[in-house]
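Here is the structure we will look at.
The values are calculated or read from the model by the stated rules, or taken from the named source; none is laboratory data. Note that the coordinates shown come from a computational prediction; the quantities given were computed from them, not determined experimentally. Heads up, the Cβs are rebuilt from the backbone with ideal geometry, glycines too, and the neighbour counts pull from every protein chain shown. In case anyone asks, the SASA skips ligands and DNA or RNA and just uses the protein heavy atoms, side chains included. Shrake-Rupley method; radii C 1.70, N 1.55, O 1.52, S 1.80 Å.
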Amino acid sequence: MRSLFALILSCLALAGSAVAADQRPNIVWLSCEDISAHIGCFGDRHAITPNIDQLATQGIRYTNTFTTAGVCAPCRSGIITGMYQTSLGSQHMRCTATLPDSIKPFPVYLREAGYYCTNNAKQDYQFRTPKGTWNDSSGKAHWRNRPDKSQPFFAVFNFTGCHESGIASKGKYEKVTKVLTEEQRQDPDKLELPPYYPDTPIVREDWKRNYELITAMDHWAGDLIQQLKDDGLYEETIIMFWSDHGVGLPRAKRWLYDSGTHIPLVVRVPDKFFEPHQVVRGQRSDQLISSIDFGPTVLSLAGITVPEHMQGVPFLGELVLPRDYVYGARDRMDERYDIIRMVRDKRFKYIRNYEPLKTYYQYMNTPEKGATMRELRRLHEAGKLPAEAEYYFSATKPVEELYDCQADPHEVHNLAADPKYADVLSRMRAAHRQWVLDTRDTGLIPEPILVARAKEVGSEYEVLRQAGSDQVNQRIATVAIQASEGASALPDWIQAMKDEDDAVRYWAATGIGNLGEPAREGAAAIVAAALADESSAVRTAAARALCRMGMPEEALPVLVKEMTTGQQWERLQAAIVLDEIDEQARPVIQQMKQGLKYQKGFNSDGKYRVRVTNRALNELQGTSNTVP
């Protein structure tokens, strides 16, 4: 489909249908952080957003727009390249991937076509920004700085005031919202909370702050729109307003539910560039749009051929290719892994939990600082949470989740086990697997293995694009799914433990560990042998499996060694297992304290291992020590 699209668009360009140089539109992005569609024009009756609402009356509001992750940096790596983060290898929150020479941030193509490109100022792409991506990327970047005022421009402005830190920090909240009038303040008692939050003054205060930060963002957007008008450029400029993912609160940010991935998108196209056969001005469109479509759409609007490698597709311009599905992924969030994939159409959402034995609310330092998260934990420990909120403290997750997002917009009624929806489940399960294979999902390769292979072949992207990779891709995807299928898959896991690929062996050991005690008779010997595997990730998965089979004696020394030697992600994985096995780790408490040491040369000096180790020791020792 992508190849056909590129061919058609190339032919159109050669035929002279691309936008002539003197008619090319300017394009401005108004991007913001951490907000869901709590905007007046999207039907939120509490929202105070007059500038975005006015923009929507002259443009189009897209009501089915979704990000590819529930957190900023993985999303932004996808937005700037038009590629899934799981294809690039930029899926883990706070990693440093390598971009292959064949893939460039899309502003490079705009600059080659004569555009002046600026970014003010957040990048956060999780790879080194290639030289020549921007004319200027700084806090002073602006279209007004272009030397030739007749030059078309692409200008990005990022509002960071509504980031989750604006909710969590009273000081930041007050600073950002000082522009609001008294009439623009919210009464927290009148707001409607999602059912997965407890109704307390603390939670309502956070929800209020979210709305008021959005109103502050609207002030910012209105100022930039006015600048375009003052410069006589409003009718020469396409404006796109969007957010990088959903609201910065629990069970939203970092998650693949609509609360974390459904975002507002408003596009205003001036009369001279408007194509009425595609959309109706001032109306809503329910077209499915992914955040990786933003870049290809900009190229299309500028009359530039979309590179064939891009996985996003334009939703405006010369050729529009409608989507049947949008996709999303969750991988490591700071110090915690939780491999989850999502497929959504206009009505249904499918979620695959690759690590179902992990609770929803794993302890992570950053979200735990928020008042709502602290309130959730307090009421959970007191046994006072409503059922919808308490559910997310379940010890495990279902392997599959299916939601009717029209009938159940908060996604609290899982239909995966309902026979009435068996056909829908089968269809979306198949779409998920096909996407994993087609996009060559590097997130199913354990991070230590992925990093090592990337060094060998030049980039994470190329890892599953080597000779013979199709078969490896198939085997990894198959065993990763089998890892949560229960006892019936045990013979397959035992066979996969002999695979030449260490990612396959990792998932096989993980599956055996997931089964636990029932796997002991048939798999204990092969798992024990894997404690000497050449791959650290496999050794750690095998140690976990032995612990879950009730055989921690041989496993504990391996876990301590893996936690204290080797590369940073190897150490993190071992620390996570030591945290997971709870009381079984008590004999090595003293050795575990080595994990509290920071390590120069690692990302953030190895703070993620420190965080996990600190949490594990607090639970074992009944302490309340804190680390950054």
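Observations, loosely collected:
- In this simple spin-label model, placing a label point 7 Å from the Cα along the Cα-to-Cβ direction at both Gln599 and Ala524 gives a separation of 3.2 nm.
- When both region 230-300 and region 146-162 are represented by their alpha-carbon centers, they are found 17 Å apart.
- In the chain, a dipole from Cβ-located charges (positive for Lys and Arg, negative for Asp and Glu) runs towards its positive end, and of Thr613, Pro314, Val472 it is Thr613 whose Cα lies farthest in that direction.
- Charge dipole (region 328-424, unit charges on Cβ, about Cα centre) - positive-most of Ile339, Tyr391, Leu415: Ile339
- Put a dot 7 Å past the Cα of Thr57, heading toward its Cβ, do the same for Ile589, and the two dots end up 6.7 nm apart.
- The loop-placed chymotrypsin sites (Phe, Trp or Tyr not before Pro) in region 345-407, going by DSSP, include none that has at most 13 neighbouring Cβ atoms within 10 Å of its Cβ.
- Here Rg and Dmax of the Cα atoms in Å was calculated from the structure, and among [x] 24.7, 77; [y] 24.2, 82; [z] 27.8, 95 it sits at label [x].
- The His410 and Lys175 beta-carbon pair, evaluated with R₀ = 45 Å, returns a calculated FRET efficiency of approximately 0.90.
- Ligands, DNA and RNA are left out, and with a 1.4 angstrom probe the accessible area of the chain is 38 Å² per residue.
- In terms of its alpha-carbon gyration tensor, region 414-516 comes out oblate; a/c meets the 1.5 threshold, while b/c is at least as large as a/b.
- Note on region 523-539 and region 306-385: Cα centroid distance 31 Å, given to the nearest whole angstrom.
- Mean Cα-pair separation over length for the chain, i.e. relative contact order, pairs under 8 Å, 6 or more apart, %: 15
- Calculated FRET efficiency for the pair Arg128/Arg45, C-beta based, R₀ 56 Å, to 0.05: 0.80
- Across region 509-623, counting alpha-carbon atoms alone, Rg and Dmax equal 13.6, 43 Å.
- Across every direction, the projection of the convex hull enclosing the Cα atoms of region 89-235 has a mean area of 12.4 nm².
- For region 526-577, the carbon plus sulfur part of the accessible surface works out to 51%, probe radius 1.4 Å.
- Calculated [θ] (222 nm, deg cm²/dmol) that DSSP helices of n ≥ 4 give over the chain, each run adding -39,500 (n - 2.57): -11500 deg cm²/dmol
- Under the criterion of Cα pairs below 8 Å and six or more residues apart, the relative contact order for region 10-159 equals 26 percent.
- Projected label distance in nm at Glu235 and Arg433, using a 7 Å step from Cα toward the beta-carbon: 5.7
- If you bin all the Cα-Cα distances of region 504-572 at 5 Å, starting from zero, the percentages per bin are 4, 21, 32, 25, 13, 4, 1.
- For region 367-506, the carbon plus sulfur part of the accessible surface works out to 50%, probe radius 1.4 Å.
- Net charge of Cβ neighbours under 12 Å - reference Met563; Lys, Arg +1; Asp, Glu -1: +3
- Net +/- balance of residues flanking Met549 in space, Cβ distance below 9 Å, scoring K and R +1, D and E -1: +1
- Charged side chains reduced to their Cβ positions (Lys and Arg at +1, Asp and Glu at -1) give region 189-335 a dipole of some 300 debye around its Cα centre.
- For region 276-413: rounded, prolate or oblate by the Cα gyration tensor [a/c cutoff 1.5]: prolate
- Expressed as a whole percent, the accessible area of region 145-298 that falls on carbon and sulfur atoms is 48 (1.4 Å probe).
- Lysines whose Cα lies under 22 Å from that of Lys149, excluding same-chain neighbours fewer than 8 positions away: Lys140, Lys229, Lys272
- Applying 1/(1 + (r/R0)^6) with R0 = 30 Å to the Cβ-Cβ distance of Asn625 and Glu388 gives a FRET efficiency near 0.40.
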